[in-house]
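Each remark here refers to the structure printed beneath this line.
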Amino acid sequence: MIRVALVDDQLVVRAGFRVLLEDAGDIEIVGEASSGPEAVTMVRRARPDVVCMDVRMPGGDGLTATRQIVAERDGDLPSVLVMTTFNLDDYVFGALEAGASGFVLKDSDPDDVADAIRRLSRGEGMIDQAVTRRVISEFARRRPAPDPDEAAGVLTPRERDIVRLLAEGMSNMEIAAALYVEPSTVKSHLGRATTKLGTRDRLQTAVWAYRSGVAG
């Protein structure tokens with residue numbers, strides 16, 4: 001079971017997501033919070049795999065809480081999936097800056113939200129497909145780019161190919177099919193690439209790809 005925590009200032013929203021997500025069969029809600037500070041305390045206690053985090057809450061915003069949760073997390077967990085009704089770039093950029101591994105809108109199909117949670121639990125960062133390429137490329141543009149020569153030498157040619165396809169939104173299976181290799185080979189190369197780059201997850205690796213010119 002995937003252990004999930006819900007953070008939203010509206011009780012009815014949390015209750016709705018609890019019903020929808022637990023109906024998925026492989027997701028267990030292990031904690032709830034109505035503000036950022038409450039979320040940080042709850043996550044320390046409940047130790048979820050994924051935190052579904054609202055952005056704007058009167059008692060303390062979700063981006064500050066995300067930043068603290070990511071700073072304190074043990075190993076790769078928990079991952080933070082930011083959920084909001086606000087389809088605004090600044091919120092997405094804030095989520096990425098804070099260390100979130102994914103971003104979806106609250107009005108997304110429940111199956112898509114559940115799938116996002118599953119992907120984050122496997123360490124696969126993602127953003128709502130409606131904004132993926134535009135948001136990552138714009139986020140990367142706003143940050144100082146690495147030296148092109150230095151960026152070119154960080155990864156092997158195979159690692160660069162895989163990271164480029166990752167930045168295009170491909171899954172491990174899709175990358176493997178495109179390059180005629182096994183999915184396990186893709187996973188190994190991505191693991192080495194993220195270690196070399198010092199990135200937290202797939203999402204941050206995709207951002208690096210745009211900043212460095214590997215993708216664009």
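The values are calculated or read from the model by the stated rules, or taken from the named source; none is laboratory data. Note that the structure is predicted; figures quoted are calculated from it, not measured. Backbone-built Cβ (ideal geometry, glycine too); neighbour counts: all protein chains shown. Quick note on the areas: whole protein, heavy atoms, side chains included, nothing else; ligands and nucleic acids left out. Shrake-Rupley method; radii C 1.70, N 1.55, O 1.52, S 1.80 Å.
Note that the range 147-216 presents 50 Å² accessible area per residue, ligands and nucleic acids not counted, probe 1.4 Å. Accessible surface calculations at 1.4 Å, restricted to protein heavy atoms, place the range 31-102 at 40 Å² per residue.
Counting Lys and Arg as +1 and Asp and Glu as -1, what is the net charge of the other residues whose Cβ lies under 13 Å from the Cβ of Pro58? Don't skip to the answer; put the middle values down first.
On the way: positive: Arg56; negative: Asp8, Asp9, Glu38, Asp54, Asp61.
Here the count lands on -4.
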